[in-house]
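Notes follow the structure.
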Amino acid sequence: MTILSPSAARAQTPPSAEAYYAAAVRNMQHLRQPANATYKATVDTKGSDFILVRSPDGRASAGFVIGMKGAKPHDSFPVMLRGADQASALRTDDGEIAVTHASLFNATWAGVYNWMHYGLDGPPPEAAAKATPAPSQSSSPEPPVIAVVSSMGVAYYDVVDRGAGTCENGDPGHMVHLIAHEDATNHPLTDATINVTTQTLCMVRFGYKSNPILGINLSVELHFGQQGGYDVVRDGSFDMTIRTMGIAVKRISGTVAYSDFAYPATLDPSLFTTPAASPRPAASSAPYGR
């Protein structure tokens, strides 16, 4: 019989779910961030059509609609992402350029962070540069100075072990379930899968619930993968139920995929030029729109 010393026994004890998840978040903070990125976003929907248009103020307006001219269940959009402020310039079907900070179109770790911290619309333009990880081209960057703990850290969640899982690329994973201590609207992370090999996040899932009498229940799942030396969001899925008086009356689901990644050193500044910003409108029924 082998008797382990107390220190050796502790060394063989696996980390808690909280420690395992916290380490993965710290490792994500160390990821290289592209100075800029270009890629294609492809949206497929069931139960509605999807539309992306340029608003009069030059900003992108997107959402789920039924029976609107120009909307369709499948569409692709070229995206040009400027890392300095996480603004995305999108080319619409009409050939126009529209600008947005919406998290849906930002396929980087900074975009996921903004999704967590500001919701689906992303940060307002004036806060974008301060709220996201600073781009880094080095292979061993210093940790980006961002308040990840405020949106993803264990201080705001109970973390429950969910056992073994699998990352989308087939790598072994370990799953955790997260329960916000309070204010689940601003801390909507519900589940994550940690890549056992790299000790980084390979999947995150968000959940949003509005008023149970009249509102929307939305679940969004995103998958990370390597593209050109950067960990980016490769694809995701969403499922939304619209309720009236607590009864589900409409379900919309679908997928979003990102492809054709490139990382240019610079982007034409004119792509991001918009008229003077108008006051941010009140939230609408469309889950994506800015």
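Scanning the range 32-51 for residues that are more than 22 Å from L267 (Cα to Cα) and either outside any strand (DSSP E or B) or of a type outside the set (D, E) (or both) turns up V43, T45, K46, G47, S48, F50, I51. Being within 20 Å of Y113 (Cα to Cα) and in a helix (DSSP H, G or I) is the requirement here; does A155 meet it? It is true that A155 is within 20 Å of Y113 (Cα to Cα) and in a helix (DSSP H, G or I). Among the residues of the range 71-103, those that are among the hydrophobic types (A, V, I, L, M, F, W, C) and in a loop (DSSP other than H, G, I, E, B) comprise A71, A84, A102. In this entry, M68 is excluded by the filter for residues that are outside any helix (DSSP H, G or I), crowded, with 18+ Cβ neighbours inside 10 Å and either out of contact with any Phe, Trp or Tyr (no Cβ under 9 Å at 6 or more places or on another chain) or at pLDDT 90 or above (or both). Within the range 12-31, the residues that satisfy the criterion of being in contact (Cβ under 8 Å) with a residue 12 or more places away in the chain, outside any loop (DSSP other than H, G, I, E, B) and either of a type outside the set (G, A, S) or at positive phi (or both) are E18, Y20, Y21, V25, R26, N27, M28, Q29.
Within the range 193-209, is there a residue that is over 30 Å from T38 (Cβ atoms), at pLDDT 90 or above, of a type in the set (V, I, T) and assigned to a loop (DSSP other than H, G, I, E, B)? Yes, the range 193-209 has at least one match.
Checking P188, P212, P287 one by one, the residue that is touching a strand residue (DSSP E or B) at 6+ places or on another chain (Cβ under 9 Å), under 30 Å from E18 (Cβ atoms) and at pLDDT below 80 is P212 and no other. Within the range 158-184, the set of residues being free of Cβ contacts under 8 Å to residues at least 60 places away in the same chain, under 20 Å from F238 (Cα atoms) and not in a strand (DSSP E or B) comprises C167, N169, A184. Scanning the range 15-50 for residues that are out of contact with any helix residue (DSSP H, G or I) (no Cβ under 8 Å at 6 or more places or on another chain) and at pLDDT below 85 yields nothing. Count of the range 115-129 residues, restricted to those that are modelled with pLDDT under 70 and of a type in the set (A, V, I, L, M, F, W, C), is 3.
The values are calculated or read from the model by the stated rules, or taken from the named source; none is laboratory data. As the structure is a prediction and not an experimental result, all values here were calculated from the model. Cβ: placed from backbone, ideal geometry, glycine included. Neighbour counts: every protein chain shown.
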